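K.L.:
Input: one structure, supplied below.
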Amino acid sequence: MTQVRFLPAAEVELLREVAYYSNLRPGSGLRFSDAVQQAVLKAAHHPLGGAPSHRGTRSMLVKGFPFSVVYRAGNHEILVVAIAPHRKRPNYWQSRVAQG
């Protein structure tokens, strides 16, 4: 399996959304975190399986939530660029791609 690394901004997004869903309904934050983890694992096992996106990235839907995991697949690593909500302006994360 390919290694996974999160950009700091993507990690902040994940933690923020887990807190949001936890406050919304008990157990929802854990379900969100698990769904993101499943999407990340799927990307790690099948790096080219996500939908092609901007700037050489790919996106994997987060099952049950209006989010996508945006990542860049390298030879030995998956770089998670964003935990992108579908309601936010598209591709707000593009400037992060150069950070990896």
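Values quoted throughout were computed directly from the atomic coordinates according to the rules given, and no laboratory measurement underlies them. Computed from a prediction, not measured in an experiment: that's the story for all the values here. Virtual Cβ from ideal backbone geometry, glycine too; neighbours counted across all protein chains shown.
K.L.:
Give the Kirkwood hydrodynamic radius (Å, one decimal) of the stretch 1-74, defined as one over the mean of 1/r across all pairs of different Cα atoms. Display every interim value, and only then the final one.
P.N.:
Details: mean 1/r = 0.0789 Å⁻¹.
One over the average 1/r among Cα pairs gives 12.7 Å for the stretch 1-74.
K.L.:
How tilted is helix 8-24 with respect to the longest principal axis of the chain? Cα atoms for both, answer in degrees (0 to 90, nearest 10).
P.N.:
The angle comes out at about 20 degrees.
K.L.:
Let me ask something else about it. If each DSSP helix of 4+ residues adds -39,500 (n - 2.57) and the sum is divided by the residues in the chain, what number results at 222 nm, nearest 500 deg cm²/dmol? Intermediate values should be presented prior to the final figure.
P.N.:
Details: 2 runs with 35 residues, N = 100.
Value at 222 nm, helices only: -12000 deg cm²/dmol.
K.L.:
Rank 53, 68, 33 by mean-square fluctuation in a GNM of the chain with C-alpha springs under 10 angstrom and give only the top-ranked residue.
P.N.:
Most flexible of the set in this elastic network: 53.
K.L.:
Per 0.36 nm of contour for each residue apart, how much would the distance between residue 5 and residue 92 grow if the chain were fully extended, relative to their Cα-Cα spacing?
P.N.:
Difference between extended and current length: 29.4 nm.
K.L.:
Given axes a ≥ b ≥ c from the Cα gyration tensor, I'd like to know whether the stretch 1-40 is rounded (a/c under 1.5), prolate (a/b larger than b/c) or oblate.
P.N.:
Details: a/c = 4.75, a/b = 1.63, b/c = 2.92.
Since a/c reaches 1.5 but b/c is at least a/b, the shape of the stretch 1-40 is classed as oblate.
K.L.:
So which trypsin sites (Lys or Arg not before Pro) in the chain are both in a DSSP loop and have at most 14 other Cβ atoms within 10 Å of their Cβ?
P.N.:
Numbers: sites: 5, 16, 31, 42, 55, 58, 63, 72, 87, 88, 96; in loops: 63, 87, 88.
For trypsin sites (Lys or Arg not before Pro) across the chain that sit outside H, G, I, E and B with at most 14 neighbouring Cβ atoms in 10 Å, the list reads 63, 87, 88.
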